[in-house]
Number of protein chains: 2
Amino acid sequence: MTKDKGKIDKLVEGIADGQRRALAQAITLIESTRSDHREDADRLLEQILPMSGKSIRIGISGVPGVGKSTFIESFGMHLIGKGFRVAVLAIDPSSQRTGGSILGDKTRMEILSRQEAAFIRPSPAGTTLGGVARRTREAMLLCEASGFDVILIETVGVGQSETAVAEMVDMFLLLLLPSGGDELQGIKKGIMELADMVVVNKADGDLAPAANRAAAEYHAALGLMRPSSPNWKPRVKKCSALNNEGIDEIWSAIEEFRTKLWESNEIPDKRVKQAVSWMWSEIKESLLLAFKDKPEIDKALEKVESEVISGKIAPATAARKLLNIFLKP
Amino acid sequence: MTKDKGKIDKLVEGIADGQRRALAQAITLIESTRSDHREDADRLLEQILPMSGKSIRIGISGVPGVGKSTFIESFGMHLIGKGFRVAVLAIDPSSQRTGGSILGDKTRMEILSRQEAAFIRPSPAGTTLGGVARRTREAMLLCEASGFDVILIETVGVGQSETAVAEMVDMFLLLLLPSGGDELQGIKKGIMELADMVVVNKADGDLAPAANRAAAEYHAALGLMRPSSPNWKPRVKKCSALNNEGIDEIWSAIEEFRTKLWESNEIPDKRVKQAVSWMWSEIKESLLLAFKDKPEIDKALEKVESEVISGKIAPATAARKLLNIFLKP
């Protein structure tokens, strides 16, 4: 992919036409870290932006073992049955460590992945969370331009990626196990407060009574938190993704959420705010990278930091020393 | 205060000697935004740093009306009665808007402020939260060098300042009213999770039964959250600051906290981490200020931001455009 105007135009055409090969190629382009690719990607994005924005964007998070794949498969098939096209983008922050990724595993969501109306794509390994999340956000826009009605963005729920995902979706859904308070203690701080909906999965068989208790506990916990929207109080739903039970009620609640928050103009407002705050996050992250990359900083940092650790200089003094080095022309 | 080595040495001497006039002058110096003062302040800090670190640093937060002043007065007098010297530093983020500050009001903590063993100082108005908090942190170090045993850092509990304060203290204490769940919903997200101890104030007279119920609710809410220390589970205590009831139990719990977390090396570790993360916060904030201050950025920003808002360009593209302008030599 070189600086080829014709090639970009062709990709845009293919995306607009709903061709999955064009979509896949476009995502590969935006994932590239080569600077000439980045310029192509920017031109591509500029062209597809007017076509984006028509889907409902849903973040789905939950710890390993909660049954995310089964849920997304069941939920996705349900939506396809209703005539929707569904894209699933998965962020796995651990993939930078493990090299390969559980999320890239072909055996996940086996039935869903074979559907013409579904598109499943894991986010690749990246050096920064912001980098991974940026590419996911842009992939989401590409999927929208390609005509997908529902975009599911999946995270593993153990890292910082949830906050980044909440910053790019309309609605945040947290999958939990029927284990109640004990599980809440294990959930990373603040994650619960991001949730517009909590879904207790595995509410079947032996676990049904536990699921009821857990749902009541989660409901009480949510009641103690400040709702993030004036038009929506977080809901707690139960389901058995394995037995396809409760999926329809979840989708109904999502539709209610969408209707209420579009009518009150909250979703469009939120998206504009998200875009602006995204720009600033990018700026901050890039500034810090530029700072750390400067050879003079690299040379001075270790010594200054150790002086802070040993209590020889105050943190603000240290920062000012380094800043002076960085900003020196 | 000019670049006068003798003057700084004298200030250091006065601080080491516990003279409140020297302490007050030193705090005024670190609060100054003049760059020559800043250099003096850095030299001063470097000299007093080895004398700092011996106090217990306690953050105290609570919404207006919870009785913070009465609590601090009652708590402070109790500590003085035990032979301790107590410094109170107050951060009021609203003071930059109102000009004057409720926290500067001379009628607050009337009895405490007249004690020789007490030192009370509000943080002045500032343009950034980071700036205010940095000065508070440095004022805390000066108070320590001046021999204060307990430093109380007070915030009004409605803004972002709590996180900044939690980043500079050993222990975070949240004052709450006897109104239970309703109040929790009004508390800013995440504040509850910062608390090492929750104190239900006004547990007296008619409100005593409500205070019992509220304490139980707060206890349940804390139980659902992940404790931030492996050696300490957040406690809930009741008190009536007005009637001086429950103050001793609160101090006992604080002493237990201090003993456990010093013995497990958690406080020293935390302080080192705080210092390093403080340095990085300063660096990030200063980078962003330098970015925004650059005339070329100032010129381009509005246009680029409006293109992001109208959906003409992607946030990452916008960020890259601006970064290129900033980093151009």
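Write down the Å³ per residue value for the convex hull defined by the alpha carbon atoms of region B:260-329. Per residue, the Cα convex hull of region B:260-329 comes to 121 Å³. Take the Cα of A:Ser229, go 7 Å toward its beta carbon, and the backbone nitrogen atoms of region A:278-304 under 20 Å from that spot belong to A:278. Between B:Ala216 and A:Val272, the FRET efficiency from the beta-carbon distance, with R0 = 45 Å, is close to 0.60. Of the residues A:Asp170, B:Asp149, ranked by 1.4 Å probe accessible area with the largest first, the sequence reads B:Asp149, A:Asp170.
Among residues of chain A, the one whose beta-carbon sits closest to the A-to-B rotation axis is listed with its distance in Å as A:Leu287, 2. Do the alpha carbons of any pairs in A:Lys312/B:Lys260; A:Lys284/B:Lys294; B:Lys233/B:Lys260 sit beyond 18 Å of each other, and which pairs? The pairs that break the limit, which is 18 Å between Cα atoms, are A:Lys312/B:Lys260. Counting only residues at least eight positions apart within a chain, or on another chain, there are no aspartates and glutamates with an alpha carbon under 14 Å from that of A:Lys303.
With the convex hull constructed from alpha-carbon coordinates only, the protein assembly as shown shows a mean projected area of 31.4 nm² over all directions.
The listed peptides A:299-308, A:52-61, ordered by packing as a protection proxy, come out as A:52-61, A:299-308 (highest mean of other Cβ atoms within 10 Å first). Per residue of A:283-291, other chain Cβ atoms within 10 Å of the residue Cβ number 6 on average.
For peptide B:147-154, the mean count of partner chain Cβ atoms within 10 Å of a residue's Cβ comes to 0. Remark: label point of B:Ser228 defined 7 Å out from Cα along the Cα-Cβ vector; separations to the same position in other copies 2.1 nm, ascending. Ratio of Rg to Rh for chain A: 1.01 [Cα atoms; Kirkwood radius as inverse mean 1/r over pairs]. Between B:Asp206 and B:Lys54, the FRET efficiency estimated from the beta carbon spacing at R0 = 35 angstrom works out to 0.25.
Counted over the protein assembly as shown, the DSSP beta bridges are approximately 5% antiparallel. The mean count of C-beta atoms from other chains within 10 Å of the C-beta of residues in B:217-225, rounded to a whole number, is 4.
The ellipsoid that matches the Cα gyration tensor of region B:1-51 has semi-axes, each √(5λ) in whole angstrom, of 16, 11, 10, with the longest given first. Suppose R0 equals 45 Å; then what is the FRET efficiency for B:Lys10 and B:Ser113 from their Cβ-Cβ distance, rounded to the nearest 0.05? Once the sixth-power term is evaluated, E becomes 0.95.
In nanometres and ascending order, the distances from the A:Gly181 label point to those of the other copies are 1.5 (point 7 Å from Cα along Cα→Cβ).
Between copies, B:Gln19 shows label-point distances of 8.3 nm, shortest first, with the point placed 7 angstrom from Cα along Cα to C-beta.
Of the DSSP H helices in chain B, those with a Cα length along their own long axis of 15 Å or more and a mean Kyte-Doolittle hydropathy reaching 0.5 comprise B:315-327.
The values are calculated or read from the model by the stated rules, or taken from the named source; none is laboratory data. Everything numeric in this text was worked out from a predicted model, so none of it was measured. Virtual Cβ from ideal backbone geometry, glycine too; neighbours counted across all protein chains shown. When the accessible area is computed, the model is the full protein with side chains, heavy atoms only, and any ligands, DNA or RNA have been set aside. Shrake-Rupley method; radii C 1.70, N 1.55, O 1.52, S 1.80 Å.
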